[in-house]
């Protein structure tokens with residue numbers, strides 16, 4: 001198993017968290033990091049707010065689902081540069097990762113995550129290379 005520990009953090013130490021691989025971070029964490037970048041508010045106060053709405057395991061569940069989407073589709077979530085890939089039908093496609101964008105802007109990643117989740121089943125079908133989108137249990141897990 002391959003694991004990226006660059007984005008790992010202790011839940012009770014949010015003050016020290018960074019956005020090394022932001023495409024795998026939960027929307028709540030991206031919002032937290034974006035607010036810190038833009039507002040320069042007190043990290044400790046913002047961390048308290050995040051603690052009140054999230055559980056320690058919720059970030060891990062999001063990251064796991066992101067990895068499952070990546071495995072299911074064979075399409076990376078993080079690539080920001082244009083690259084050659086194939087769609088579910090095998091057609092070549094030049095694009096970027098599912099949540100990838102130029103300069104890895106947190107607000108754009110958050111927007112892409114939100115759009116993907118709003119229409120998840122349709123978006124998964126677009127790239128599903130294993131014909132797994134017919135599996136209701138898998139879609140329930142990802143939801």
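The values are calculated or read from the model by the stated rules, or taken from the named source; none is laboratory data. These numbers come from a predicted model, not from an experiment. When we count neighbours, we look across all protein chains shown, and the Cβ atoms used for this are built from the backbone with ideal geometry, even at glycine.
Mind listing just one residue for me: the one in segment 117-129 that is at pLDDT below 85 and not in a loop (DSSP other than H, G, I, E, B) and, of those, nearest to residue 90 (Cα to Cα)? Only one residue fits best here, namely 127.
Considering the conditions (1) in a helix (DSSP H, G or I); (2) surrounded by 14 or more Cβ atoms within 10 Å (Cβ to Cβ); (3) modelled with pLDDT under 80; (4) more than 11 Å from the chain's Cα centre (by Cα), residue 59 is excluded by exactly one of them, (4).
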